[in-house]
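Accompanying notes for the structure given below.
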Amino acid sequence: MTTVNLAKYFGRVGLRDLQPPYTADRDTLKRVMEAQSKSIAFENIDVVQKKSISMDLEDVQKKLVEDVRGGYCFEQNTLLKAVLEEMGYSVEPSLCRVRWGKQDDSAGPNTTFTHLVLKVFTKDGIFLADVGFAGTNSIEPVRMDIGGENQELPEGRFRIVPSKHKGFFVLELLVKGEWRPLYEWRDEKAPLVDQECCNWFSCTNPKGRFTSQFFVCKIIGEERHHILNDQYVIRKGFGANSQVTTDTISDKARLETLVSDVFGIKLEDTSGIDRFLS
């Protein structure tokens, strides 16, 4: 059975001072989530290049840690799960329907399970951990307090409430006075075979977001940087007071420089990454 190499991982995310015995509490979970979010970019470059996405831990570890690449949720949270378990946490994966930016689904679900999150049991309670929902998720743990008080976190105000779909819960973010859903899930452990099926669908569906758009994202200091197709966006702050700058990428050389120098992604193969440029 493959296990994660904590020394290599901690070196990759800048946590070399973390030494055993580890304390499986909220504060340590927060440190690990923040470190990974600020060190390993969210990206779908392999999908754009029509390469397969593996959830095998050995493959994920090689790509994200050793090869200095990024990945999307099925890779990012697979890595985080392995790290936390090696540190002594108990972790359960859950599959989610993405609701952020989607059409109303009051008549019934109109999105399938294309996102993976983690339910983490700590000495301080149970938390939702997610380092793979680029752009809007909390990089701090969100307490699994269903219908409880709103949670003030560095990225904004979050809450977890029952979904309008029976048996589901939804993570919501307060945006300009309105609670907006990010994703919803059932409180059940997702078997690996289901995770692999949803991962395969996410990286092969010709109408899906990841096969039809180029996307990279990384938190740098207090800013969120992302590229969507030919738009390079920097957002500082959150909510009504956030500051956003946007620049158009017009050539492959500029895109390659941004991917390497800003997002810290080491690409051996850059073929096809410019097909979404205008």
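The values are calculated or read from the model by the stated rules, or taken from the named source; none is laboratory data. Not measured: the values here are computed from a predicted model. No Cβ is skipped: glycine too gets one built from the backbone with ideal geometry, and neighbour counts run over all protein chains shown.
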_Please verify whether I234 is over 20 Å from N77 (Cα atoms), in contact with a helix residue (DSSP H, G or I) (Cβ under 8 Å, 6 or more places away or on another chain) and modelled with pLDDT of 95 or more, treating the condition exactly as stated._
no
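Consider the range 124-170. How many of its residues are within 20 Å of G237 (Cα to Cα) and either of a type in the set (V, I, T) or in a strand (DSSP E or B) (or both)?
11
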*Is there any pair linking a residue in the range 185-200 that is in the same structural domain as V170 (by TED's automatic domain parsing) to one that is assigned to a helix (DSSP H, G or I), with Cβ under 6 Å and at least six apart or on different chains, and which?*
N199/F74
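Conditions tested, residue by residue: (1) in contact with a strand residue (DSSP E or B) (Cβ under 7 Å, 6 or more places away or on another chain); (2) in the same structural domain as R143 (by TED's automatic domain parsing); (3) surrounded by 14 or more Cβ atoms within 10 Å (Cβ to Cβ); (4) of a type in the set (S, T, Y).
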site: K166; (1), (2), (3), (4): no, yes, no, no
site: L174; (1), (2), (3), (4): yes, yes, yes, no
site: V216; (1), (2), (3), (4): yes, no, yes, no
site: V233; (1), (2), (3), (4): yes, no, yes, no
site: F238; (1), (2), (3), (4): yes, no, yes, no
site: Q243; (1), (2), (3), (4): yes, no, no, no
site: L267; (1), (2), (3), (4): no, no, yes, no
*Quick one: how many residues across the range 187-207 are among the basic types (K, R) and touching a strand residue (DSSP E or B) at 6+ places or on another chain (Cβ under 9 Å)?*
1
_Given the condition surrounded by 22 or more Cβ atoms within 10 Å (Cβ to Cβ) and either on the phi > 0 side of the Ramachandran plot or assigned to a loop (DSSP other than H, G, I, E, B) (or both), answer yes or no: does some residue in the range 98-118 qualify?_
yes
*Residues that are among the hydroxyl-bearing types (S, T, Y) and assigned to a helix (DSSP H, G or I), drawn from the range 1-39*: Y9, T28, S37, S39
*Only residues in the range 19-38 that are under 29 Å from V216 (Cβ atoms) and among the hydroxyl-bearing types (S, T, Y) count as the first member; pair them with residues that are modelled with pLDDT under 95 and in a loop (DSSP other than H, G, I, E, B), Cβ under 9 angstrom, at least 6 apart or cross-chain, and list the lot.*
S37/N137; S37/I139
*Can you name every residue in the range 40-59 that is buried (at least 17 other Cβ atoms within 10 Å of the Cβ), touching a residue at least 24 places away in the same chain (Cβ under 8 Å) and assigned to a loop (DSSP other than H, G, I, E, B)?*
I40, A41, N44, I53, M55
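Any chance the range 256-263 includes a residue that's more than 21 Å from the chain's Cα centre (by Cα), more than 23 Å from S212 (Cβ to Cβ) and surrounded by 11 or more Cβ atoms within 10 Å (Cβ to Cβ)? I'd like the intermediate steps shown before the answer.
Step one: of the range 256-263, the residues more than 21 Å from the chain's Cα centre (by Cα) are 256-257.
From what's left, more than 23 Å from S212 (Cβ to Cβ): 257.
The next check asks that each one be surrounded by 11 or more Cβ atoms within 10 Å (Cβ to Cβ); those that pass are 257.
Looking for residues that are more than 21 Å from the chain's Cα centre (by Cα), more than 23 Å from S212 (Cβ to Cβ) and surrounded by 11 or more Cβ atoms within 10 Å (Cβ to Cβ), one finds at least one in the range 256-263, hence yes.
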_Total residues in the range 186-213, condition closer than 18 Å to N229 by Cβ and loosely packed, with under 13 Cβ neighbours inside 10 Å_ = 2
_Residues of the range 140-183 classified as among the acidic types (D, E), more than 25 Å from A35 (Cα to Cα) and modelled with pLDDT of 90 or more, total_ = 1
*Is it the case that some residue within the range 122-139 is modelled with pLDDT under 90 and of a type in the set (S, T, Y)?*
yes
